[in-house]
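*Asks:* I'd like to ask some things about the structure below.
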Amino acid sequence: MSPASPASTEFWSVADTARRIAAGEITATQIIEAMLARIQKIDGELGAFLAVDGDGARAVAAELDSQRAANVPQGPLAGVPIALKDVLVTRGLATTAASKILRGWIPPYDAHVVEKLRAAGAIVIGKVNCDEFAMGSSTENSAYQPTRNPWDPSRVPGGSSGGSSAAVAAGLCAASLGTDTGGSIRQPAAFCGVVGMKPTYGRVSRWGVVAFASSLDQVGPLTRSVADAALVLETIAGFDPRDSTSLDAPVPRFTGALTGDVRGLRIGLPQEYFEAMDDEIRAALVRTASALVERGAELVDLSMPHTKLALPAYYLVAPAEASSNLARFDGVRYGQRVEAPDLLDMYGKTRDAGFGPEVKRRIMLGTYALRSGYYDAYYKKAQQVRTLIKRDFDRAFQYCDVLLTPTTPTPAFPFGAKANPVDMYLADVFTLSCNLAGLPGISVPCGLTAGGLPIGAQLLGRPLDEVTLLRAGAVIEAAVGLGDRRPAGIGGIT
Amino acid sequence: MTEGKRPSAGEGPRDSLARGNPSGVSVSREIAAMLEVWEPVIGLEVHVQLATRSKIFSPSAIEFGAPPNSLTDPLVLGLPGTLPVFNQAALALALKLGIATSSQIRAKSRFARKHYFYPDLPKGYQISQFDEPLCENGHLDVIIGGGLKRVKLQRIHLEEDAGKTTHVGVSSHVDLNRAGVPLVEVVTAPEIGSVEEAGEFLRSLHRLVRWLEISEGDMEKGQLRCDANVSVRLRGEDRLGTRTELKNINSFRFVENAIASEIARQIRILEAGGRITRETRLWDAERGQSQSMRSKEEANDYRYFPDPDLPPLVVDGAIMGSILQSLPELPSVRFDRYQRAFGISPTEARTLVSERALADFFDAAVAAHPNETGGKMIANWVLSELLGALRASGTPIARSPMQPAMLSELVKLIESGTISGKLGKEIFEESFRTGEAPAAILERSGRSQISDTATLWEIINRIVAANPKQAEAYTVGGKDGLFGFFVGQVMKETQGRANPVITSDLLHKRLGR
């Protein structure tokens, strides 16, 4: 690993890119051309992008440049290239959810978050890979291609937002949006050494997010810095009347939260999150906690007794909702259809050919859990467990302001290492509770293993208290973050 | 599943309310004999389309007969990423029905997803309500025979409609205009004991939803649809028999027939020593019989669970208050009141409450009358003259040129003896045609009745004085027939305007017998 040259535009921060364009140091077109060239050069090997919208991005850049030349006021992200996880619906740009069943679908509308980004002047440069329908923790479940970890191409980038984390880490976009249902933003962020934030459930509209598990899904940013995460979140957050679960709460200026001051902040260390993990990760978390204490924070030892129930509860709730949400993929109105002599046959063949094995597994699990007569024993019971987990958090937040945990028990693992689905599910063991409780969470890089793989520290906060997570996250970033260290695993990234 | 035949054009809701069906006579006779031994048990599930302007979970408009798939949006099409947002207008309408049926209203009810695969169900699930419905344990007072019969309602819940599939040869066509239209499903307890009661329940519900202005309830347009759960058991038996579900009863004409034919079918099977299969049967109105659609073994497991995209549906005191305030007096209540207050017959009362506008007309006319006793006569005029004139001219009551106060005025003129009943009818016709007030018409024509005793006495004196022979022949000679001669003379003198009762009375006095 060699320190990257700060001169390369691709690694500029979101704020820097926007500022330099606004100041006339560089045009949006130049930014986009450099980015497209870099994608062209690197992504063949990286495999982050499912679709690069070169024409669309160039057209928007040209428009922005001519607006700027005419002194038309521009949004805070004017000219910033953004890559979107392919579960976010984009008008006129193919959206597949990394599934064959949606191959060829061109949506007629934009997701709420895409509208917000476009309104702020951001440029959608393409759609990035993920596990099919966001189900997975390695992006190996994509129906189209594997995505490699920029730090070590023999390893996965995490998932399900693995295309997002890889593209951000490799400098193929300024920022990316992912979705997080059980850790799908934070876990790949940890694996790829970037910042990933899952906002409070309801903070960001789900309108236009291809649903996996409706009561858990949330959109959030993957960025190379906490400041960028704050800026992107500020852009996409806010009440949306088209999403009945959207919260009608004021959106704070997240960018103003990064005071660098954690004095008096009470940081909870839940013992259940420190039981089983790699030694190097434990050591990194200890360094992180110490760094926070050195800057005036206090540590609080806690117990959250229902933590071990999060995984089984999650694997009832999420598949149950998924089995329902994915019922609409029937080959009747959009996507791929396998013709058959009668209707039932057409449904069966279309869904058999269109869904991959993990998606089918979860549809089966969910269908089973929702069967008449089993609802009380499974889905309802799991919802009751959610209440217990929420109470654990409520109680914990009486004693502390944020919780600090590892994001993952291990660093990025090699392709094929988790062939057993349950082993794969365990990769999310630290991130699931946050979704079940609807809380905000962030993963911030907190060092590298001896083998050069990134480690993520996770902060979990009170509902709607993203501000505290960003403030503490920025302190971790400054103290034990990766600094200028860039992944060197692919394409000789410098 | 082929969509039932389209109804012929021009059949309005009024026509579809017509009862009886010539082809049902023989079935009824057969059943009548069977029913001495067997008891039918019927439960109805009625879907009523709520008259909102847009769909229950998205902004698409609702309109009957629009070009196929013109009333859609990303949500109606079930596109990935779309989310439902509940249309509060549907809540107000459903609550009206819930309150009007004295249902318990849940302060927090829930939407649930009901899953099945069909091309006209774009999401692969229907958003409905399951174990936490909006309304429970209500009742509807059904006008039947000369009185009211209370039918218990298990629940009333909100849900979205599916689209419509039609099969043409080997291809199928899906129209999603109807997908997402708000419905309430009204479920009765399985306690309806006769075909007649089932039919009257449906008519009473139809009248009520129109009365409350929550639905046009037009069955021909699918705005009111009925499924029936039917079973039979030996009279005196406590246990319920195996039931079948009868679907597609899509016209008032067929309600009785469809259920009666199913009852007869079940009894015939049982009397032949057979067993009833638990199944869903589709009513074919054209052929007048039902056929099996699917058995219980093939039944769907709908995998209900609370819709995670929708928060609980909250009913607060404010909305309850505003609905309670705006709720009109119900037809069953007026049916009772009219009989008690005005001494009219159940049949007459039933006709008066057949339509809210008619009952409102009647009430307004009564209100314009100085005393309650006018009610009986006003009812007579409404039921005979007004309904006749409306029917003959094809005018709906709401657009009657004659206003309630005018009818009241006409009745007052007759009661006071100012005009005769015969003249009243003439004035009614003119008033109905022109919208002119009866008193004004009378004034213009100068044809008011002479009831003033002094005036008539003076006329009678003159006539008797001018005809001494006839007077003597009547009074002394006992020639009774001459009384008519004198009446005729008075009428001639007054051009028919003399009050006949007073005239007769005064003549008797003047002639001495």
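*Asks:* Output the residue which, of all residues in the stretch B:49-64 that are more than 14 Å from B:Gln88 (Cβ to Cβ) and touching a residue at least 60 places away in the same chain (Cβ under 8 Å), is surrounded by the most Cβ atoms within 10 Å (Cβ to Cβ).
*Replies:* B:Gln49
*Asks:* Also, quick follow-up: What residue, of A:Lys390, A:Lys381, is within 14 Å of another protein chain (Cβ to nearest Cβ), in contact with a helix residue (DSSP H, G or I) (Cβ under 8 Å, 6 or more places away or on another chain) and either surrounded by fewer than 22 Cβ atoms within 10 Å (Cβ to Cβ) or outside any helix (DSSP H, G or I) (or both)?
*Replies:* Just a single option satisfies the conditions, and that option is A:Lys381.
*Asks:* Considering (1) surrounded by fewer than 16 Cβ atoms within 10 Å (Cβ to Cβ); (2) within 32 Å of the chain's Cα centre (by Cα), say which one B:Glu436 fails and leave the rest.
*Replies:* (1)
*Asks:* What about B:Arg207, is it under 27 Å from B:Ala94 (Cα atoms) and not in a helix (DSSP H, G or I)?
*Replies:* For B:Arg207, the condition - under 27 Å from B:Ala94 (Cα atoms) and not in a helix (DSSP H, G or I) - is not met.
*Asks:* Modelled with pLDDT under 95 and under 22 Å from A:Arg395 (Cβ atoms) - does that describe any residue in the stretch A:477-494?
*Replies:* No - not one qualifying residue is present in the stretch A:477-494.
*Asks:* Given the residues A:Ala62, A:Ala83, A:Ala57, which is the only one that is of a type outside the set (D, E, K, R), crowded, with 17+ Cβ neighbours inside 10 Å and either in a helix (DSSP H, G or I) or without any contact (Cβ under 8 Å) to a residue 12 or more places away in the chain (or both)?
*Replies:* A:Ala57 is the lone residue from the list that is of a type outside the set (D, E, K, R), crowded, with 17+ Cβ neighbours inside 10 Å and either in a helix (DSSP H, G or I) or without any contact (Cβ under 8 Å) to a residue 12 or more places away in the chain (or both).
*Asks:* Taking the residues in the stretch A:210-227 that are within 14 Å of chain B (Cβ to nearest Cβ) and in a loop (DSSP other than H, G, I, E, B) as candidates, determine which candidate is surrounded by the fewest Cβ atoms within 10 Å (Cβ to Cβ).
*Replies:* Checked the stretch A:210-227; the qualifying residue surrounded by the fewest Cβ atoms within 10 Å (Cβ to Cβ) is A:Ser215.
*Asks:* Of all residues in the stretch B:116-146, which are in a strand (DSSP E or B), touching a Phe, Trp or Tyr at 6+ places or on another chain (Cβ under 6 Å) and within 12 Å of another protein chain (Cβ to nearest Cβ)?
*Replies:* Hit for the stretch B:116-146 is B:Ile127, nothing else.
*Asks:* Would you be able to tell me the number of residues in the stretch A:324-347 that are over 26 Å from the mean Cα position of the chain (by Cα), facing chain B (nearest Cβ under 10 Å) and not in a loop (DSSP other than H, G, I, E, B)?
*Replies:* 4
*Asks:* Among the listed residues A:Ala98, A:Ala94, identify the single one that is within 14 Å of chain B (Cβ to nearest Cβ) and either aromatic (Phe, Trp, Tyr) or touching a Cys at 6+ places or on another chain (Cβ under 7 Å) (or both).
*Replies:* Only one candidate passes the filter, namely A:Ala98.
*Asks:* Next up: Is one or more of the residues making up the stretch A:108-118 without any contact (Cβ under 8 Å) to a residue 40 or more places away in the chain, within 14 Å of another protein chain (Cβ to nearest Cβ) and more than 17 Å from A:Ile82 (Cα to Cα)?
*Replies:* yes
*Asks:* Does A:Thr367 count as surrounded by 22 or more Cβ atoms within 10 Å (Cβ to Cβ), hydroxyl-bearing (Ser, Thr, Tyr) and at pLDDT 95 or above?
*Replies:* No, not satisfied.
*Asks:* When you scan the stretch B:441-457, do you find a residue that is modelled with pLDDT of 90 or more, under 24 Å from B:Thr395 (Cβ atoms) and crowded, with 16+ Cβ neighbours inside 10 Å, even just one?
*Replies:* yes
*Asks:* Could you give me the residue pairs with C-beta distances under 6 Å whose first residue belongs to the stretch B:159-185 and is modelled with pLDDT of 95 or more, whose second residue is among the basic types (Lys, Arg) and assigned to a strand (DSSP E or B) wherever it lies, and which are 6+ apart or on separate chains?
*Replies:* B:Asp175/B:Lys164; B:Arg178/B:Lys164
*Asks:* If you check B:Gly138 against the conditions, is it in the same structural domain as B:Gly98 (by TED's automatic domain parsing), surrounded by fewer than 22 Cβ atoms within 10 Å (Cβ to Cβ) and among the small types (Gly, Ala, Ser)?
*Replies:* No: the conditions fail for B:Gly138.
*Asks:* Now a separate question. Given the conditions (1) more than 15 Å from A:Thr307 (Cα to Cα); (2) within 14 Å of chain B (Cβ to nearest Cβ); (3) basic (Lys, Arg), and given that A:Arg361 satisfies all but one, which numbered condition is not satisfied?
*Replies:* (2)
*Asks:* From the set of residues in the stretch B:285-315 that are more than 14 Å from chain A (Cβ to nearest Cβ) and touching a residue at least 40 places away in the same chain (Cβ under 8 Å), which is surrounded by the fewest Cβ atoms within 10 Å (Cβ to Cβ)?
*Replies:* B:Glu286
*Asks:* Is there a residue being over 22 Å from the mean Cα position of the chain (by Cα), more than 14 Å from chain A (Cβ to nearest Cβ) and within 30 Å of B:Gln266 (Cβ to Cβ) anywhere in the stretch B:213-230?
*Replies:* Yes.
*Asks:* So A:Gln74 clears everything in (1) within 27 Å of A:Tyr144 (Cα to Cα); (2) among the polar types (S, T, N, Q); (3) not in a helix (DSSP H, G or I) except one condition, right? Which one?
*Replies:* (1)
*Asks:* Out of everything in the stretch B:81-115 that is more than 9 Å from every other protein chain (Cβ to nearest Cβ) and assigned to a loop (DSSP other than H, G, I, E, B), what residue ends up being nearest to A:Glu115 (Cα to Cα)?
*Replies:* Taking the candidates together, the pick is B:Asn87.
Okay, residues lined up against (1) facing chain A (nearest Cβ under 10 Å); (2) touching a Phe, Trp or Tyr at 6+ places or on another chain (Cβ under 6 Å); (3) outside any loop (DSSP other than H, G, I, E, B); (4) not hydroxyl-bearing (Ser, Thr, Tyr):
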residue	(1), (2), (3), (4)
B:Glu30	no, no, yes, yes
B:Ala33	no, no, yes, yes
B:Glu45	no, no, yes, yes
B:Ile56	no, no, no, yes
B:Pro74	yes, yes, no, yes
B:Gly78	yes, no, no, yes
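*Asks:* Looking at (1) crowded, with 21+ Cβ neighbours inside 10 Å; (2) touching a strand residue (DSSP E or B) at 6+ places or on another chain (Cβ under 8 Å); (3) polar (S, T, N, Q), which is the only condition B:Thr82 fails?
*Replies:* Evaluating B:Thr82 over (1) crowded, with 21+ Cβ neighbours inside 10 Å; (2) touching a strand residue (DSSP E or B) at 6+ places or on another chain (Cβ under 8 Å); (3) polar (S, T, N, Q) leaves (2) as the failure.
The values are calculated or read from the model by the stated rules, or taken from the named source; none is laboratory data. This one's a predicted model, so the numbers in the text were calculated from it and none came from an experiment. In this analysis, Cβ positions are derived from the backbone assuming ideal geometry, glycine residues included, and neighbour counts consider all displayed protein chains.
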